[in-house]
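Written below as structure tokens is the structure these notes are about.
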Amino acid sequence: MPDVAEPRDIELMRRLCAGDEGAFLEFYRRHQGGIYRYAVHMTGRPEAAADVVQETFLTLIRQAGKFDEEKGAPGAFLYGIARNHVRKLHEKESRYVALDDETGGGPMGNGAASKHNGNARCTSMSGDGETVLEGLERAETVQRLRDAVLTLPEHYREPVTLCDLEGRSYEEASALLACPVGTVRSRLNRARSILLEKLRPSHIGVKAFGARFGGKA
């Protein structure tokens, strides 16, 4: 979270711990969007992300008293709860992957995601003259990138999600992930290398990859 938001967040957390319902509602409005985007990128499924958001804030209500402002910011505390729920979701779903493979269903996420790319420009000519075919190709490229991100180990997927997909700084990611900035940098660089290797057989190319994930050095 940006530093300028922290004083207000700390005040809200103090009030939340005292049972102030209004403080919870404001804190929810301030952070719900960020938690949802993080969960979508980490799970690849909007419905799963919505569940993570719900469970995260329910847990916050129960565990608000555990927040210690000496140990970190409220945003980092909240993201820690969200990360735990994402892990629990992955652990739960991993128990069913083998069965899905045996029955021909495959792991959840890939099939459904490719059918719902949300890119309206795939169905008509856009204002800049993009053809339907060009729109489909670009949508397919974006989907391949998203699918590739979902294959990364969690400790690599998190910095990619926060820095490359959400545009957060290394310092913000460091605070949210509770690890040094140097660790964020090294994991991000390694994750980008893995993604580049995964995407090469798909002919996406270095240029397209760099446009999406090459914003930070």
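Looking only at region 33-42, decide whether some residue is modelled with pLDDT of 95 or more and more than 21 Å from LEU150 (Cβ to Cβ).
Among the residues of region 33-42, not one is modelled with pLDDT of 95 or more and more than 21 Å from LEU150 (Cβ to Cβ), which makes the answer no.
Select from region 171-198 the residues that are touching a residue at least 60 places away in the same chain (Cβ under 8 Å) and of a type in the set (Asp, Glu) and list them in ascending order.
Result: GLU172, single match.
So, of the residues in region 69-97 that are of a type in the set (D, E, K, R) and open to solvent by 60 Å² or more (accessible area, probe 1.4 Å), which turns out to be nearest to the chain's Cα centre (by Cα)?
ARG87
Filter region 169-193 down to residues that are aliphatic (A, V, I, L, M) and closer than 18 Å to ILE35 by Cβ and give me whichever is surrounded by the fewest Cβ atoms within 10 Å (Cβ to Cβ).
ALA178
Filter region 154-168 for residues that are free of Cβ contacts under 8 Å to residues at least 40 places away in the same chain and open to solvent by 40 Å² or more (accessible area, probe 1.4 Å) and give the result.
HIS155, TYR156
Please go through region 25-39 and pick out each residue that is surrounded by fewer than 20 Cβ atoms within 10 Å (Cβ to Cβ) and aliphatic (A, V, I, L, M).
LEU25
Which condition from (1) in a helix (DSSP H, G or I); (2) farther than 20 Å from LYS88 by Cβ is the one that TYR38 breaks?
(2)
Of everything in region 176-215 that's at pLDDT 85 or above and β-branched (Val, Ile, Thr), which residue is farthest from HIS31 (Cα to Cα)?
Checked region 176-215; the qualifying residue farthest from HIS31 (Cα to Cα) is ILE194.
The values are calculated or read from the model by the stated rules, or taken from the named source; none is laboratory data. Just so we're clear, the structure is a prediction, and the values are computed from it rather than from any experiment. Note that each Cβ is placed from the backbone with ideal geometry, even for glycine, and that neighbours are counted across all protein chains shown. Surface accessibility is based on the protein's heavy atoms, side chains included, excluding ligands, DNA and RNA. Shrake-Rupley method; radii C 1.70, N 1.55, O 1.52, S 1.80 Å.
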